[in-house]
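The values are calculated or read from the model by the stated rules, or taken from the named source; none is laboratory data. The structure displayed is predicted, hence computed values, not measured ones. When we count neighbours, we look across all protein chains shown, and the Cβ atoms used for this are built from the backbone with ideal geometry, even at glycine. In case anyone asks, the SASA skips ligands and DNA or RNA and just uses the protein heavy atoms, side chains included. Shrake-Rupley method; radii C 1.70, N 1.55, O 1.52, S 1.80 Å.
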Amino acid sequence: MEVSPEELQTTDSITVRALKDISFGSAAGIVSKVFEHPFDLTKVRLQSQVLDKQARFSGPLDCLSQTWRKEGIRGLYRGLPAPIVGAMAENACLFWSYTEIQNAIRWFQGMPLTQQLSLGQLACAGAGAGAITSFALTPIELVKCKMQVQMLMTPTVILSDAAPATMTSPAAAAALSVHPSGPVAPPPPSPASTVRKLPGPIAVLTSVVRENGVRGLWLGHTGTLIRETGGGAAWFAAKESVARLLLARRGLSDKRELRAWESAVSGACAGVAYNVALFPADTVKSAMQTEAELRGPRAGGARATFFGTAGEMWRKGGLKGLYAGCGITVARAIPSSALIFLIYDGLSQRFG
């Protein structure tokens, strides 16, 4: 939220302000992420199939229903630990850097602490906050995206110790005994010998570092940077603009006078603005981060590039492909962003 002149005149130090922004932002991020994760998983899976030869899902509802039927509730929340950490880091970093960049703008332009920043200046602060946040967010989103498409790979694997157990079982020994028509193949393993063995977030993280080095954690960072910079400007500017309009209806200008429903409505508008602004950048990022799992390594070990992948997606799916999953993303962003600002503004008014 915009820093009010009154807040700048309090005795709160930079450290105290930072702790408040980080705490309030983290709390808001956790609640919103638990709510929105199934929809985010659907978005990533739809984005990741754009370059496939044959689409796995016909749309968001088909993706949700297939995931529910095949994977259950655990499938809908696959990869949740990484987004929880990401939501805490993203919102804490966003709100903290947004506050401090506003202070820097006032200092740089020699503005008095009583002067309100324009929407353009707030948009610049939001863009800067988004750019800073993107560096922390890319590795977290990389792990999240890879985990969310795990079940689109080989769905079942046989434990390494299952084969020996089968070969030494009485059934297998009998099957391999001499038979008038020749050796008989052992019976197929029972369902109990096949399990879903999927790596967790730490295993995925260490695998990326082992295969591509630390630099590999920032695969797709160009897309994250573009999305967060433009999206941050749109998110905060939309929030502040709608909040000011709602306050003006009551003849007020102090953001601390915002009612709960006004915070929620302005936050919902911000969520739409954020996702519509630069959604194709997020689509390209998701495709890059899941390419190894769904399509395997490129010929000659070539690395995927942002603009190269964007070109491939444009040729394969056109504008529709670049906006794959946008509908469900905007639909979940409305209540999710409303929750974020409802919680953040409420905590700020109560403890700020």
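Let me check I've understood the local charge: for Gly86, count other residues with C-beta under 14 angstrom from its C-beta, Lys and Arg +1, Asp and Glu -1. What total comes out?
The answer is -1.
Heavy atoms only, probe 1.4 angstrom, no DNA, RNA or ligands counted: give me Cys326, Cys269, Cys145, Cys124 ranked by accessible area, highest first.
Cys124, Cys269, Cys326, Cys145
How much net charge surrounds Ile226 when only other residues with a Cβ under 11 Å from its Cβ are counted (Lys, Arg +1; Asp, Glu -1)?
With Lys, Arg at +1 and Asp, Glu at -1, the net is 0.
At a 1.4 Å probe radius, which order do Glu293, Glu141, Glu228 fall into by accessible area, largest first?
Reading off the accessible areas and sorting them downward yields Glu293, Glu141, Glu228.
How do Glu312, Glu36 rank by accessible surface area computed with a 1.4 Å probe, from largest to smallest?
Order by accessible area, largest first: Glu312, Glu36.
What is the Cα centroid distance between segment 290-321 and segment 43-57, reported in whole angstrom?
12
For segment 218-259, take the convex hull of the Cα atoms, compute a quarter of its surface area, and give me that in nm², please.
Averaged projected hull area, Cα only: 3.6 nm².
How big, in percent, is the set of alpha carbon pairs in segment 272-347 lying more than 19 Å apart?
48
Rounded, prolate or oblate: which one fits segment 46-90, using the alpha carbon gyration tensor with axes a ≥ b ≥ c (rounded when a/c is under 1.5, else prolate when a/b beats b/c, else oblate)?
oblate
List the lysines whose Cα sits under 19 Å from the Cα of Lys146, skipping any in the same chain fewer than 8 residues away.
Lys33, Lys43, Lys70, Lys197, Lys285
Once the other residues with Cβ under 11 Å from the Cβ of Lys53 are scored (Lys, Arg +1; Asp, Glu -1), what is the net sum?
Overall, the nearby charge balance is +2.
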